[in-house]
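K.L.:
Dropping the structure in here first, questions after.
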Amino acid sequence: MRENLESLRNSDEELYASITNEEQRQRDGIELIPSENYAFPEVLAALGSVFTNKYSEGYPGRRYYGGQENTDYIENLARERAKSLFKCDHANVQPLSGSGMNQAVYLGLLNPGDTILAMDLSHGGHLTHGAPVSHMGKLFNFVRYVTDPSDGSFDFDQILKDAKECRPKLVLCGYTSYPRDIDYERFKAIADEVGAISMTDASHFGGLIAGEAMANPFDYGFDIVTTTTHKSLRGPRGGMILCKEDYAAKIDKSVFPGLQGGPHMNAVAALAVTLKLAALPDFKRYADKVLKNSKTLANVFIKSDTKLITGGTDNHMLVIDTLKSYGIDGRMAEETLDKVNITTNKQIIPDDPNPPLRPSGIRIGTPAATSRGMRESDMERLGAWIDQCLRAPDDKACLQKVKKEVVDFCLQFPVPGLAS
Ligand code: DSN
């Protein structure tokens, strides 16, 4: 990899400088965006491999181009490893991103205008779960359920009532900004009651399911589970659709030729190695530590009377109402923490009266910090820094002092895949 970077240095100094600057940013800062992580070094190697050069439209044994003996092999490897790790009948490993992955499910199994019951965006759902600004929100009729923000609970009686009224073809659970676990049994029962397909978007917690730190929807009889591969799973950027055999042919046809052209075979290769590593005992320990770190961080904020949405966490993330806790909006909180090399993201909170670019909160997650080797005592330190900075966003001396402490602290934790 280094050799390739050296050749880049000779042919494009500006780009080479940007890469080394980004390496430095990642070394000197603490990454707390819950959807980000450090890919396994093996993933970076596979992504930069000669599989980048190959077109492979179709599926193993049924391709539209020649020269597929190695691509067929790695795609089969990735599919088999995914099936065994997630305990499902079928895996499509070609989706180029999380959004395309969810779109492929809807477009492959439903007709335009069909109803999907999904979680409201401000309560933690994703854009592809029917936000009006997304194309999916225009193509399908999304009916949205909400949570009780005080504890994150779902009103299942209400959701069942809504389901009986709107007769969804698909009942979707899963989230992008929700700090609690999901009661799959209840959601599956609702889907069954109205004869709908049951689907979980596990994009954020696919790695935590693989590491057995969180429940697997297939254990509750779910039909479809989607997950991105670059978040808690530590793989290449992309998505996977996992499903029961009944849906396999329709899902494959929907991904290709329905929605995509050639898969990115370097990403498929990288996903194959990710799935091998995620099946090892070490990954189970990792997943467990991600949750312990998240709970420890939550406790720091609970002790300092910070308002956490739902009051805490059961997963890898926390959502902080910065407006109520510190009197600053999420954008200012994000920018303040950026100044001390702590990276978070501004986040809308349930029924947020403020716009998405100036919302009322931030989202914090522990997958990346845990990959870097940070543990519970480190989370206590981290929580204290965040609290201190958000209480004094205009105190330049304080921010400067914290930044120096953060940079020194980071020296103890090499970034996976990067030389120290
Ligand atoms: N961007 C992802 C996240 O941050 O949750 C979802 O698309």
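K.L.:
From the list PRO41, PRO34, exactly one residue is within 20 Å of the chain's Cα centre (by Cα), within 16 Å of the ligand (Cβ to nearest atom) and over 17 Å from HIS264 (Cα atoms). Which is it?
P.N.:
None of the other options fit; the residue is PRO34.
K.L.:
What are the residues in the stretch 307-330 that are out of contact with any Asp or Glu (no Cβ under 7 Å at 6 or more places or on another chain) and either part of a strand (DSSP E or B) or of a type in the set (Ser, Thr, Tyr) (or both), if any?
P.N.:
The answer is LEU308, THR313, MET317, LEU318, VAL319, ILE320, ASP321, SER325, TYR326.
K.L.:
Which count do you get for residues in the stretch 127-137 that are buried (at least 24 other Cβ atoms within 10 Å of the Cβ) and either more than 14 Å from the ligand (Cβ to nearest atom) or in a loop (DSSP other than H, G, I, E, B) (or both)?
P.N.:
The number of residues fulfilling the criteria is 1.
K.L.:
Just to confirm my filter: which helices (runs of 4 or more DSSP H) fall fully inside the stretch 151-267 and include at least 2 residues that are touching a His at 6+ places or on another chain (Cβ under 9 Å)?
P.N.:
Answer list for the stretch 151-267: 206-210, 245-253.
K.L.:
Further question on the same structure: So which of ALA39, ALA45 is surrounded by fewer than 17 Cβ atoms within 10 Å (Cβ to Cβ) and of a type in the set (A, V, I, L, M)?
P.N.:
Being surrounded by fewer than 17 Cβ atoms within 10 Å (Cβ to Cβ) and of a type in the set (A, V, I, L, M) holds for just one of ALA39, ALA45, which is ALA45.
K.L.:
Could you tell me which of the residues LEU110, LEU127, LEU77 is closer than 26 Å to ARG180 by Cβ and of a type in the set (A, V, I, L, M, F, W, C)?
P.N.:
LEU127
K.L.:
Can you tell me which condition ASN10 does not meet? The list is (1) more than 30 Å from TYR145 (Cα to Cα); (2) at pLDDT 95 or above, and all the others hold.
P.N.:
(2)
K.L.:
Is it fair to say PRO149 is open to solvent by 10 Å² or more (accessible area, probe 1.4 Å), farther than 25 Å from LYS83 by Cβ and more than 16 Å from the ligand (Cβ to nearest atom)?
P.N.:
yes
K.L.:
Here is a follow-up. Tell me which residues, restricted to the stretch 78-104, are in contact with a Leu (Cβ under 8 Å, 6 or more places away or on another chain) and part of a helix (DSSP H, G or I).
P.N.:
ALA78, ARG81, ALA82, LYS83, LEU85, PHE86, SER99, GLY100, GLN103, ALA104
K.L.:
Could you please find all residues in the stretch 67-89 being within 21 Å of the chain's Cα centre (by Cα) and either surrounded by 19 or more Cβ atoms within 10 Å (Cβ to Cβ) or modelled with pLDDT under 95 (or both)?
P.N.:
The answer is ALA78, ARG79, ARG81, ALA82, LEU85, PHE86, CYS88.
Residues are listed down the side, and each one gets a yes or a no for (1) surrounded by 24 or more Cβ atoms within 10 Å (Cβ to Cβ); (2) of a type in the set (Val, Ile, Thr); (3) over 20 Å from the mean Cα position of the chain (by Cα):
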| residue | (1), (2), (3) |
| --- | --- |
| HIS204 | yes, no, no |
| THR226 | yes, yes, no |
| TYR247 | no, no, yes |
| PHE256 | no, no, yes |
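The values are calculated or read from the model by the stated rules, or taken from the named source; none is laboratory data. Remember, predicted model here, so these are calculated numbers, not experimental data. Here Cβ is always computed from backbone atoms with ideal geometry, including for glycine, and neighbour counts include all displayed protein chains. With ligands, DNA and RNA removed, areas are computed over all heavy atoms of the protein, side chains included. Shrake-Rupley method; radii C 1.70, N 1.55, O 1.52, S 1.80 Å.
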